[in-house]
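Heads up, the thing below is written out as structure tokens.
The values are calculated or read from the model by the stated rules, or taken from the named source; none is laboratory data. The shown structure was predicted, so the numbers you read here are calculated from the model rather than taken from an experiment. Note that each Cβ is placed from the backbone with ideal geometry, even for glycine, and that neighbours are counted across all protein chains shown. Accessible surface areas use protein heavy atoms only, side chains included; no ligands, DNA or RNA. Shrake-Rupley method; radii C 1.70, N 1.55, O 1.52, S 1.80 Å.
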Amino acid sequence: MAGNVTSLFRGTAAHSPSMAALTREGDGAGPVDFCIPCNPYFPTPAMFDELAGRLREIITYYPSSADTITSELCSLLQLPPQCVAMGNGSTELITWIDHLLVRESLAIPVPTFGRWTDQPMETGKRVDMFPLQESNGFALDLAAYAKFIRSRGTKVAVICNPNNPDGGFLPRQSVIQFMDAMADLDLVVIDESFLEFADAESEPSVVEDAVMRPNVIVLRSLGKNFGLHGIRFGYMVANPSLAGKVRSMLPKWNLNSFAETVVFMLKNHGKEYMESLHMVRRDRLDMARQLSALPGLTIYPSQGNFLFVRLPVGAEGTVVRDRLLTEHRILVRECGNKVGSSSRFLRLVVRPQTDVRRLVSGLEQVLYGSKKGTPVPELSNATGGYGSGTAMVDRLVGSTNGAGMQGLAAQANAWPGQPAPAPQPVAAAAPQPSLPSVPPQPRPAAASPYPAQQPAPAPVYTAPQQPAAAQAYPASGPVGWPAAAQSPGAMPAQAPPAAMQAPAASPGLQPAAQTGMPGMAGAASMGAQGGLTAAQVRGRTQPEPPPPQTSSNGGGWGAVGALLYNQAG
């Protein structure tokens, strides 16, 4: 695997290589996976045995129609089927949301899930990227975000809650306040793909509120929650008009037989599913505590099933990633190709304690060698020229904020040492009558790449008041986690950082008039119409290759159905 690891990562633009590709390059067994954020405790071994026993039937025959599968899911979630559209993964739904409901612009905080930046740019939309500040622990200030949207005249706003990759969480009432303030936009999307893993609130989802609003979509994941990324299934919830518009464009058999089999199995395994979420939340606390013992490592508060980690000064993420993979067979997510992040950051998926001990041991050897506490020097020349290009990305976002630059593709794809034409600014298009002409917002310095000589500012975090028995991170841990009395075995509901909570009333979050959904005529056609392409923004340096009811069969799913659409704790 060591000889091919560089080419494997060079061939992927926005993600790590697939587990199938890594397995083919190895000895037939994949590495320990701290990269793909899915539930390690579900399905249960008994469920896998059942799926294996039905394999021939599953892969031989057509599935039922998507309507049939959606109706079964809705009976579990206690949702009206007319408000739900199921997709072949959340990316299929994001794609159709972009094609059908995004006219010319979309706002998204960064760093975040890459499809929310890449997809609209690939269809020529302007993407207004709102940088999350490391100095504030990557917390999203909703009032500042609303002001940014107004200043840019953006038509669509997206929030990921919790956010990927940092796990930042927004209280439900703050999200509802934001949705009301943005009631005059074409669309507001709340991506709750990781909300099942949160425990900061007992009822954090805004699904019930979305179906009563004319311009709100809530996106939910199934593959992540159920530990089945390979099946590719998720769903969106909205008022019947919006949900029907997306559902009408989906193929009749966009959901496969594996997805159908799992959905119809779920009613028998509600208790096991709830236990799996409990174990992930428990492991998140334990994993953060173990990582906090490593000198110079910063762990940010997370409500997802992953932790966002800043490496010590002098450590280069691509080097750490490659050495963990080749020397310790551990796969991690290096975040240098995420807009608004850099190669100093890793996203580490929550896994059982045995795997975490292996990760900590590997990080100790890679970061400090035989002399613990002395990080490895930055090895920019050892990565074969396939670095993240974060500095270029940050300069582009700061100067154009998604407006595009001609000739950038040639520069981003040039081999090291190969001359490339200097990018030229694109002539600004005439502003639409309904859009104010606002110059691009400069990117704050705090979001720029971090110099190796100086540590980046520590995240600001005010410890919430917790009961004496609550379990929290020790005072000796990194900045970003509160100090509190430890109580082994306790499972507290993590309160969100004060910096993550929007004020009860803010000048930037005044409700707008309920004007409904503007018409969708004149949607942008395919092509790079004033937006950066995915390859450009990645800065590549190489060529691309009803109330819940208990199930009558005693499966105990009823409460889980409510949890899936209305709570995650």
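Out of curiosity, is residue 380 within 21 Å of residue 298 (Cβ to Cβ), at pLDDT below 95 and among the hydroxyl-bearing types (Ser, Thr, Tyr)?
no
Is there any pair with a first residue in region 86-102 that is open to solvent by 10 Å² or more (accessible area, probe 1.4 Å) and a second that is of a type in the set (A, V, I, L, M) and assigned to a strand (DSSP E or B) whose Cβ atoms are under 8 Å apart and which are 6 or more apart or on different chains, and what are they?
That search, which allows pairs on different chains as well, returns 90/219.
State all residues of region 120-137 that are open to solvent by less than 10 Å² (accessible area, probe 1.4 Å), part of a helix (DSSP H, G or I) and of a type outside the set (A, V, I, L, M, F, W, C); if no residue qualifies, say none. First the steps, then the outcome.
Of region 120-137, the ones open to solvent by less than 10 Å² (accessible area, probe 1.4 Å) are 120-121, 123-125, 127-129, 132, 134, 137.
Narrowing further to those that are part of a helix (DSSP H, G or I): 120-121, 134.
Correct list: 120, 134.
Taking residue 255 as the residue in question, decide whether it is modelled with pLDDT under 95, crowded, with 23+ Cβ neighbours inside 10 Å, within 25 Å of the chain's Cα centre (by Cα) and of a type in the set (A, V, I, L, M).
On the way: modelled with pLDDT under 95: yes; crowded, with 23+ Cβ neighbours inside 10 Å: yes; within 25 Å of the chain's Cα centre (by Cα): yes; of a type in the set (A, V, I, L, M): yes.
Considered against the rule, which asks whether it is modelled with pLDDT under 95, crowded, with 23+ Cβ neighbours inside 10 Å, within 25 Å of the chain's Cα centre (by Cα) and of a type in the set (A, V, I, L, M), residue 255 comes out as yes.
What about residue 199, is it open to solvent by less than 20 Å² (accessible area, probe 1.4 Å), out of contact with any Phe, Trp or Tyr (no Cβ under 9 Å at 6 or more places or on another chain), over 14 Å from residue 217 (Cα atoms) and not aromatic (Phe, Trp, Tyr)?
Numbers: open to solvent by less than 20 Å² (accessible area, probe 1.4 Å): yes; out of contact with any Phe, Trp or Tyr (no Cβ under 9 Å at 6 or more places or on another chain): yes; over 14 Å from residue 217 (Cα atoms): yes; not aromatic (Phe, Trp, Tyr): yes.
Yes: the conditions hold for residue 199.
Restricting region 202-226 to residues that are among the basic types (Lys, Arg) and open to solvent by 10 Å² or more (accessible area, probe 1.4 Å), which is farthest from residue 42 (Cα to Cα)?
213
Within region 171-184, can you find the residues that are open to solvent by 10 Å² or more (accessible area, probe 1.4 Å), touching a helix residue (DSSP H, G or I) at 6+ places or on another chain (Cβ under 9 Å) and assigned to a loop (DSSP other than H, G, I, E, B)?
Matches in region 171-184: 171 only.
Name every residue in region 340-349 that is under 14 Å from the mean Cα position of the chain (by Cα) and either open to solvent by less than 10 Å² (accessible area, probe 1.4 Å) or acidic (Asp, Glu) (or both), in order of residue number. Can you show your working first?
Narrowing region 340-349 to residues under 14 Å from the mean Cα position of the chain (by Cα): 340-341, 346-349.
340, 341, 346, 348, 349 - these are the residues of region 340-349 that are under 14 Å from the mean Cα position of the chain (by Cα) and either open to solvent by less than 10 Å² (accessible area, probe 1.4 Å) or acidic (Asp, Glu) (or both).
With respect to the numbered conditions (1) touching a strand residue (DSSP E or B) at 6+ places or on another chain (Cβ under 6 Å); (2) surrounded by fewer than 24 Cβ atoms within 10 Å (Cβ to Cβ); (3) within 23 Å of residue 88 (Cα to Cα), which one is the sole condition not fulfilled by residue 238?
(2)
For the subset of region 240-290 comprising residues that are among the hydroxyl-bearing types (Ser, Thr, Tyr) and part of a helix (DSSP H, G or I), which member is nearest to residue 100 (Cα to Cα)?
Initial filter on region 240-290 (among the hydroxyl-bearing types (Ser, Thr, Tyr)): 241, 248, 257, 261, 273, 276.
Still in the list and also part of a helix (DSSP H, G or I): 241, 257, 261, 273, 276.
On the way: 241: 12, 257: 27, 261: 30, 273: 34, 276: 36 Å.
Per the criteria, the residue is 241.
With (1) among the hydrophobic types (A, V, I, L, M, F, W, C); (2) assigned to a helix (DSSP H, G or I); (3) open to solvent by 20 Å² or more (accessible area, probe 1.4 Å) as the list, and residue 363 as the residue in question, which single condition is left unmet?
(3)
Condition (residue is touching a helix residue (DSSP H, G or I) at 6+ places or on another chain (Cβ under 9 Å), assigned to a strand (DSSP E or B) and modelled with pLDDT of 95 or more) applied to region 291-301: is it met by at least one residue?
yes
Please determine whether any residue of region 209-224 is of a type in the set (Val, Ile, Thr), under 18 Å from the mean Cα position of the chain (by Cα), over 27 Å from residue 39 (Cα atoms) and not in a helix (DSSP H, G or I).
Looking through region 209-224, none of the residues is of a type in the set (Val, Ile, Thr), under 18 Å from the mean Cα position of the chain (by Cα), over 27 Å from residue 39 (Cα atoms) and not in a helix (DSSP H, G or I).
Check residue 177 against each of (1) within 24 Å of residue 345 (Cβ to Cβ); (2) out of contact with any Gly (no Cβ under 6 Å at 6 or more places or on another chain) and name the one condition it does not meet.
Result: residue 177 passes all but (1).
Under the condition of being among the charged types (D, E, K, R) and outside any helix (DSSP H, G or I), which residue from region 31-89 is nearest to residue 357 (Cα to Cα)?
Per the criteria, the residue is 33.
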